[in-house]
1. Under 5 Å between amide H atoms, partner at least 5 residues away or on a different chain: which partners does A:V281 have, H built in plane at 1.01 Å?
2. Before we go on, tell me the buried accessible area for the B/A pair, both chains summed, 1.4 Å probe, in Å² to the nearest 100.
3. Counting pairs of Cα atoms in chain B, how many percent are more than 33 Å apart?
4. Return the lysines within reach of A:K237: Cα separation strictly under 25 angstrom, same-chain partners fewer than 8 residues apart disregarded; answer none if there are no such residues.
5. If you count, for every residue in A:98-110, the Cβ atoms of partner chains within 10 Å of its Cβ, what is the mean?
6. How much net charge surrounds B:L55 when only the other residues with a Cβ under 9 Å from the Cβ of B:L55 are counted, with Lys and Arg +1 and Asp and Glu -1?
7. What number comes out for the charge environment of B:W117, summing +1 per Lys or Arg and -1 per Asp or Glu over other residues with Cβ under 14 Å away?
8. How many angstrom separate the Cα center of the range A:96-122 from the Cα center of the range B:114-148?
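The values are calculated or read from the model by the stated rules, or taken from the named source; none is laboratory data. Only a predicted model underlies this, so the values are computations on that prediction, with no experimental measurement involved. Every residue, glycine among them, receives a Cβ derived from its backbone with ideal geometry; neighbour counts consider all protein chains shown. These accessible areas exclude ligands, DNA and RNA; they are computed on the full protein's heavy atoms, side chains included. Shrake-Rupley method; radii C 1.70, N 1.55, O 1.52, S 1.80 Å.
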Amino acid sequence: MTVVETSGLTKRFGNGVLAVDSVEMSVRRGEVYGFLGPNGAGKTTTLRMLMGLIRPTSGTATVAGHAPGDPAGLAKIGALVEAPGFYPYLSGRENLRVIADYAGVDQKRVAEVLDIVELTSRAGRKFGSYSTGMKQRLGVAAALLKDPELLILDEPTSGLDPQGMAEMRKLIKQIGQGNRTVLLSSHLLPEVEQICDRVGVIRGGKLVTESTVQELLGKEGILVKAEPVDRAYEMLKSMFGDALVSRQNGSIRLETDPAGSLEVNSRLMAAGIAVSELRPVERSLEEAFFQLTGEKQGS
Amino acid sequence: MIASIKAEWRKNRMRPAFLVAAGLMAGVVALIYSLDWYQALHPVGADRAVTLAMLYPDQFVNNIMAAGFPLGAAVAVVLGALVAGSEYAWSTLKTTLIQRPGRLSTLGGRFVVLAAWMGILTAVLFAGGAAYSAVVALFEGHSIVWPAVFDIAKGIGAIWLVLAVSGSLGMALGILFRQSAAALGVGLIYLTVLQLIAVRFITTFNGGTYKWITNWFDGQNASALLSSFTSPVFGHAAAPTIGAQQAVLVLVAYVAFFVVVSASLLRQRDVT
C-alpha cells in the first residue's frame, strides 16, 4: 500500500525554471524511502508540493490518502522541510507548544518528543541560542509531535558535524522502525545507503530511477588482481563470457556470484597466473548515483 | 480556527515587539500628560484654568484620542508588519502551514490575536490616561469625576478600530512583501507621508472638484473619528466633513479589505 503517490507531478516557476518534471513517485507504507539527488535537482520543491506549500503546475499527488495540504492529510504527516523554522525569542519547549496548538496535539506530547530527540535538558533555552544540531533535533521533534504515519525529512543532517550526522542517522533509524513511513531527502549517499529501504533518484527535476538500494547497487561481483593481467583477462573472458568481465584500474571485475571465487583462483593458479588479490565487490551507491545522474565523481 | 488562535496567542503573548509597544504607548501618554501639565502650570498667554481642565479625569478620553492617530496607528502598522513579515524571515510560515489548520484558518487566528493586541494597547492608553489624569487632579486638589462609562467604551472602540485598520494594513503588507522591513517602511510612509500628499493634491486639483475622494482615505476617517470626541471645553474648530458614523463604517471596510487581501495572497501564493 502506498503512502505517497505522484503522477506527472510538475512544477514550473514563474521565471520559467522547470524545477520538477513529471515525477512518478511511490512510497510504500512502513518503508524508509530515500529521495536522492544532487543539490538543485528538485528534491525540496517536490517535498514542498507534497506538503501543499507549493502548488504543482500539473500532475497530481496523494499523500497519506489525501490531496497535498488537506488538513485531514496533514494531521497524519510530520515534516522537517529544509532548515527548521522556529521563533527565536521562544524556548525550544515553547516553540513545540505553539506547534502542538496548531496541530491540535495534547501538550503532554511535547515532553515525549523532547525525550525522543534527547533535548529535554536544553528545552528551556531560547531557540535563537541553539546550535545547528540542536535546531535540527528540535525540527525532528516538531515533526514527531503528531506521532505521524508519514515522516518527511528534508536533508536532516544538513549543517551537522560528523558526530551530529551519526546521531541524527541513528535517530532516523530509530523513529523509522515499526509501521511509520519515512521519506528522507538527501544528497548524502552514505546516509541513504545506511538508512533507506528504497530510493528514488532525481536529476534535473526528473525521477531517473526508483528501486531498492540492493537493486540500485546491482549484483555482487569479484575483483581479481593477477599477473600477467592480460592473460588473466583473456582467460576469465573465456570462462565467463565477454559481457561479465571488465578491466578496472589494473584489476579485473567479474559480474558473478562471489561464491565462485575459489574456482576462479584455482583455475588461474593452474594456468600459471599469480593472483595477488581476489575479493567480493559490489557497486557502491556512489557509483550507481553518479552513473544515474550523469555527474562525474569527485567533481 | 480555535487551534490557530491558541497557537498565535501562545507565541505572541510575550513577544518582545508587543511588550515594547505597550511600554511605548504608556510612555507616550505619560509624556503628553507631563508636557501639558508643565505648560498648564507655566502658561504663556493661555488661560491656566482651561488648560488644566483638559487634564482632569472627566476629559481623559478626549486626551487619549490624540495618541490614536498617527502615533498609535504607526505603532500598529509596525506590529502588523512584524507579525506577518517575520513569519517569512524566520521560515516559520512553512512550519505553521504544515500543521493541521489550513492557510485561512492560520491567518484568521493571526488576525484575531493581532486585533486582541490592538485592544491591549488601547487599554494601556486608556489606563495610562486615566491614571495620569487622576494624579493631576489629586495634585491640583480637583475632584475626580470620570466620564460616563458609555463615553469611555466609545473611545476605546474608536482607538481600537483605528489601530486595527493600521495593524491589518501592516499585516497585508507583510504578506505582500514576504518580509517585515519593506512592509513597515511602506506602511509608515503611506500613513505619514503618502496619504497627506495625496489628500493635499486631490483637495487642490481642478479647483477641489474631487475633494470628496479624500473622505474615503483611512487617515482622514481615522482623524475624523478621533476628533469627534473633542470636548466642548476645547471648542470645535470647524464642522467636521466626515461624520463619526461614516468614519466607523469606512474604517471597518478598510479592515475587511486588508484582511481579504491578506487571505487572497496567502491562499494563492507558493510558500518557497
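1. Amide H neighbours of A:V281: A:G221, A:I222, A:L223.
2. Summed over both sides, the interface buries about 2800 Å².
3. It works out to 28 percent of all Cα pairs.
4. Once the sequence-local lysines are set aside, what remains near A:K237 is A:K219, A:K225.
5. The shielding value for this peptide is 6.
6. Overall, the nearby charge balance is -2.
7. Taking every other residue near B:W117 into account, the sum is +4.
8. 42 Å
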